[in-house]
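Here the structure comes first, spelled out in structure tokens, and everything after it is commentary.
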């Protein structure tokens, strides 16, 4: 019996019955989350907002940490069972403060959805000098999960869902220069590296945490229209076959995109599906476990380099050094 997903050992579809067109309403059908506590980062916009609404409608209490609390209040107006708190993923002190407040409440944490992320941003660094996509998309996930570990363990059956991306295929993790101190900064290479890190972290977290009945999953939502992810992207990135001369997205491109509800479906499926009760550490897409991306199937699936055991263990140690906190789970 395969006990972990090192080298992609568990990357075999489970034939969930869902597909790319499945929505959050499809995957949550029949699931009752009454009494469950969830945290959804980025839970007030895009697929995060859809995730929050779906979990809350199923009975969960959902805490949404947000950098802009007033915006979160506006976007979540009318959504039941929601609590809003302040947190900035680029500020490690803010992450610790939020986590400390939740721990002080004494509540278990059944679902941690690390959804928030950035893309197509220029070179920026946080107060530690860490490149912003690595800091936001990955290090913040690791730090928040580590800080909330006592509450996850207390739930006795928690799941951590880390939103990754097919964009991990843009780049492996560069252990020699993760912060672009010596190589030229390319925004998509930075994004790809950060999402590869998410996959490695998820796999290693699951292997370490499963003894405490905590499982972890990484998710590719798909290409989705109507989110804020590309708000800083220069138009030149989209013009090559995606937009017309005026910058309007071509109809055939729009038709190929998932809706927000379809995009959030895999996150919700990973958070709630009974099919995953005995499986963790896997990369999922289209509401199922994805296949390995090979030379024969290069476009979809998960790259083996993002499920590499030595890389995952090396990254864990490096991350503890970068955030100055040891995550013993």
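Every number here is computed from the coordinates shown, using simple stated rules; none is lab data. Remember, predicted model here, so these are calculated numbers, not experimental data. In this analysis, Cβ positions are derived from the backbone assuming ideal geometry, glycine residues included, and neighbour counts consider all displayed protein chains.
Among bridges DSSP assigns within the chain, what percent are antiparallel (round to 5)?
Counting DSSP beta bridges with both partners in the chain, the antiparallel share is about 15 percent.
Please give the length that would be gained between residue 174 and residue 278 if that part of the chain were fully extended, namely 0.36 nm times their separation in residues minus their C-alpha to C-alpha distance (nm, one decimal).
Details: separation 104, 0.36 × 104 = 37.44 nm, distance 3.21 nm.
Gain on extension, residue 174 to residue 278, equals 34.2 nm.
Seen from all sides and averaged, what is the projected area of the convex hull of the Cα atoms in the stretch 1-149, in nm²? Can you show the working numbers first?
On the way: hull surface 45.6 nm².
Here the figure is 11.4 nm², rounded to one decimal.
Note down the nm distance, to one decimal, between modelled labels 7 Å out along Cα→Cβ at residue 97 and at residue 123.
With each label placed 7 Å out from Cα toward Cβ, I get 3.0 nm.
Among 181, 188, what is the fewest-to-most ranking by other Cβ atoms within 10 Å?
181, 188
If each DSSP helix of 4+ residues adds -39,500 (n - 2.57) and the sum is divided by the residues in the chain, what number results at 222 nm, nearest 500 deg cm²/dmol?
Value at 222 nm, helices only: -10000 deg cm²/dmol.
Could you line up 126, 177 from fewest to most neighbouring Cβ atoms inside 10 Å?
By the 10 Å Cβ count, ascending: 177, 126.
Using a simple spin-label model with points 7 Å from Cα along the Cα→Cβ vector, what separation in nm is obtained for residue 257 and residue 156?
Once both label points are built, they end up 4.5 nm from each other.
Order of 270, 329, 284 from fewest to most other C-beta atoms within 10 Å?
Placing the least packed residue first, the sequence is 329, 284, 270.
Pop a pseudo-label 7 angstrom from the Cα along the beta-carbon direction at both residue 223 and residue 73 and give the gap in nm to one decimal.
3.9 nm
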